[in-house]
Amino acid sequence: MVPSKSNILTDEDLQGTNLQGQNARALRARKLTTIYVYEAPVRLWHWVTAASIVVLVITGYFIGSPPPSLSGEASNHFLMGWIRYLHFSAAWIFAVGFAGRILWTFMGNIYTRELFYIPVWRKDYWKGLLDEILVYAFIKKQGEKTIGHNPLARTALFFCFTLTGLFMIISGFALYSDGTGIDSWEGRVFGWVMPWLGGSLGTHFLHHWGMWIIILFVMIHIYTVTREDIMSRQTLLSAMTNGYRSYRDDRPE
């Protein structure tokens with residue numbers, strides 16, 4: 001098979017070969033472009049935070065809906081104590097990681113800042129948001145290429161993770177101050193939260209609903225990144241393991 005002078009495979013190039021009658025366009029080699037997007041601290045934070053969320057969700061559920069009492073003397077087991085201990089430990093990891101992630105926005109590349117604001121003043125943001133909605137509604141086949149997060153993912157992350165996660169940290173420390181006392185540093189820093197949210201019961205209620213928002217977000221997040229990695233023109237799953245996002249075609253947009 002002798003390729004055409006333009007080095008682009010055409011139907012004529014397939015004449016007389018075992019591929020005669022095939023569509024040459026589908027057989028053309030495509031350029032693979034790779035860009036380093038997610039730096040090592042961001043990737044480490046992502047997976048540590050994911051693990052802490054799993055622990056927080058499981059233990060938080062049992063704190064809100066305790067398991068049946070165990071038989072025998074209470075001194076023989078420490079089930080609820082271990083559940084609370086794991087919850088508080090994971091909460092500290094989540095909170096410290098969140099603070100570290102904020103700090104890294106001033107030290108990392110431009111894509112590290114996408115988690116903390118959405119550019120509502122930009123026309124291309126609204127266009128990209130509509131395009132992604134049409135893609136997930138199966139009205140449009142493919143969205144635009146993006147280097148960081150696409151506008152729909154960026155919006156979901158900002159509201160369902162950044163703002164919700166910040167609320168969970170603040171309300172969580174406020175609830176923790178119930179045990180440490182008003183004179184503790186938790187009580188002095190976060191003591192204003194519970195009266196503002198309607199007392200201990202109201203804070204527990206909103207903290208519980210924040211958990212369900214994060215659960216729903218995680219489920220949708222796993223679905224979308226898996227779907228995008230399989231069906232879109234760019235990689236997502238591998239980008240959060242090696243930091244590189246690869247594009248599967250050489251179309252400019």
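The values are calculated or read from the model by the stated rules, or taken from the named source; none is laboratory data. Fair warning: this is a prediction, and the values are worked out from it, not measured in the lab. For accessibility, only protein heavy atoms count, side chains too; no ligands or nucleic acids. Shrake-Rupley method; radii C 1.70, N 1.55, O 1.52, S 1.80 Å.
Which percent of the accessible area of region 100-253 is formed by carbon and sulfur heavy atoms (probe 1.4 angstrom)?
72 percent
Provide the per residue accessible area, probe 1.4 Å, for region 154-245, rounded to a whole number of square angstrom.
Accessible area per residue: 54 Å².
Along each of the three principal axes of the Cα atoms of region 165-253, give the extent in whole Å, ordering the values from largest to smallest.
61, 22, 21
Direction-averaged shadow area of the convex hull around the Cα atoms of region 125-214, nm²?
It is 7.7 nm².
For region 104-119, in order, what is each residue's ³J(HN,Hα) by Karplus, 6.51 cos²θ - 1.76 cosθ + 1.60 with θ = phi - 60°, in whole Hz (x at glycine and Pro)?
5, 4, 8, 10, x, 6, 5, 6, 6, 8, 5, 6, 10, 7, 10, x
Give the Rg/Rh ratio for region 56-162, taking Rg as the radius of gyration of the Cα atoms and Rh as the Kirkwood radius, to two decimals.
Ratio of gyration radius to Kirkwood radius for region 56-162: 1.21.
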